[in-house]
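Structure first, commentary second.
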Ligand code: BG6
């Protein structure tokens, strides 16, 4: 196993109280992530107390966790590692109350020889967040603790403001970590490296050279076991007001004075302050056919499973540059891209029929998959007589570096950061409240949902929304496969 560099993990052993321990996120990401962090030696000691509404005991929680690892761990689960992890797992049903939770945490702490810290992870929907906070308060588990709150943080401005106020009655702001896992993705941080560690692109990173930006995250996924959560949340609250806007801020912010929490938050919050309120006329809401017939969904549901929107950042760098965002479930492809379209030059010297401009503008594209990729497309001359132009591209894939095995999954990275008290990649109360504020016109007057066929790219209206521009996806050329020679 690769040696873990010192200083990347917390100093003290951790007791993790995982509220929502039998939910979808815990199964897919949190339990596999904690397993990796604990078994790879990132944490000097770790015990996990699962809490949920389900009436399990510790034995059945261990079985649940094992199944989750078998299904979702991206790394091999060795017996010795599993046995150690299983021993560190315990379960307290919510119904057992605060005293039982307190006893379980204190018991776990006794297994460590010296000091330890507590990390509470609330993997629960917004409607359950406050009661979980109150439970932790009643159980007297605030001291020596940090708390990670899952998104969406509230459901609108009023609920986010009230959630913040009531949260502060129990936890201090410096204990609160509002997570947005897109910021933990390696390629999201690579946007910062790419923009600020290189002299090449930053001078043209503005409205004089950039025509528009797309942040496009179509998913082929359906709802799985999340119907209850999703029906009450919808694509805008689930993805846009959280992940897509956070990525937009990394893409659009001014250079921070340091890559540290306060300067980064300040620059992100300036982007959010410059965002114009989202006009319902700039939004297409969609729902896939068949959604209303699914179990747990209202047969007359108005929840959107798809959303596309145009938003604007009214500052000196970006005035007049549309930011086009799209995401949805059961779409044609699963992709996570940021695509920057550059302004086109006057092409007057090229002969008619040369193909100049025929395949859209030059693009810089970031793929936010764990194995990130980047490409820069441009026109070049097709070999041979005359002047015929083709769209070509320079591509980079993280695979090429041979370091792909070092990538931490987004939740792993962020859990580790929270254990160390590093909030650089977490969101702030001010930023979140501002995002709800710009969302108010849309939340108060949403356009009607339009149906789309599963497997499509969304309702037809998405094309009018961006005209005369066009959606970048589906790609006209596929990414080169780094494993294929000569590709
Ligand atoms: C989650 C949303 O936050 O992000 C899901 O709740 C979505 O609906 C998921 O599928 C996408 O994350 P990723 O990391 O798989 O792109």
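The values are calculated or read from the model by the stated rules, or taken from the named source; none is laboratory data. Quick caveat: nothing in here was measured; it's all calculated off a predicted structure. Ideal geometry is used to build each Cβ from the backbone, glycine not excepted, and the neighbour counts take in all protein chains shown.
Would segment 427-440 turn up any residue that is within 30 Å of residue 12 (Cα to Cα) and assigned to a loop (DSSP other than H, G, I, E, B)? Yes: segment 427-440 contains one or more residues that are within 30 Å of residue 12 (Cα to Cα) and assigned to a loop (DSSP other than H, G, I, E, B). Looking only at residues in segment 64-85 that are loosely packed, with under 13 Cβ neighbours inside 10 Å and more than 28 Å from the chain's Cα centre (by Cα), which one is farthest from residue 24 (Cα to Cα)? Applying the filter and picking the extreme gives 80. Just give me the residues in segment 219-250 being more than 15 Å from the ligand (Cβ to nearest atom) and touching a helix residue (DSSP H, G or I) at 6+ places or on another chain (Cβ under 6 Å), in sequence order. 249, 250 - these are the residues of segment 219-250 that are more than 15 Å from the ligand (Cβ to nearest atom) and touching a helix residue (DSSP H, G or I) at 6+ places or on another chain (Cβ under 6 Å). Taking every residue in segment 351-377 that is within 16 Å of residue 472 (Cβ to Cβ) and in contact (Cβ under 8 Å) with a residue 40 or more places away in the chain and pairing it with any residue that is within 16 Å of the ligand (Cβ to nearest atom) and part of a loop (DSSP other than H, G, I, E, B), at least 6 positions away or on another chain, the pairs with Cβ-Cβ distances below 6 Å are 368/185; 368/336. Residues to consider are 327, 303; find the one that is part of a loop (DSSP other than H, G, I, E, B) and within 13 Å of the ligand (Cβ to nearest atom). The match here is 303. Of everything in segment 143-194 that is assigned to a strand (DSSP E or B) and within 15 Å of the ligand (Cβ to nearest atom), the residue that is farthest from residue 15 (Cα to Cα) is 178. Restricting attention to segment 363-377, does a residue exist that is loosely packed, with under 15 Cβ neighbours inside 10 Å, more than 16 Å from the ligand (Cβ to nearest atom) and more than 24 Å from the chain's Cα centre (by Cα)? No, there is no match, as no residue in segment 363-377 is loosely packed, with under 15 Cβ neighbours inside 10 Å, more than 16 Å from the ligand (Cβ to nearest atom) and more than 24 Å from the chain's Cα centre (by Cα).
When 154, 137, 114, 97 are checked against the criterion of being farther than 30 Å from residue 244 by Cβ and at pLDDT below 95, 114 stands alone in meeting it.
Residue-level analysis places residue 350 outside the set of residues that are assigned to a strand (DSSP E or B), away from the ligand (no atom under 16 Å from the Cβ), surrounded by 13 or more Cβ atoms within 10 Å (Cβ to Cβ) and modelled with pLDDT under 95. Evaluate segment 195-218: report whether one residue or more is within 11 Å of the ligand (Cβ to nearest atom), crowded, with 18+ Cβ neighbours inside 10 Å, at pLDDT 95 or above and outside any helix (DSSP H, G or I). So far as segment 195-218 goes, yes, one or more of its residues are within 11 Å of the ligand (Cβ to nearest atom), crowded, with 18+ Cβ neighbours inside 10 Å, at pLDDT 95 or above and outside any helix (DSSP H, G or I).
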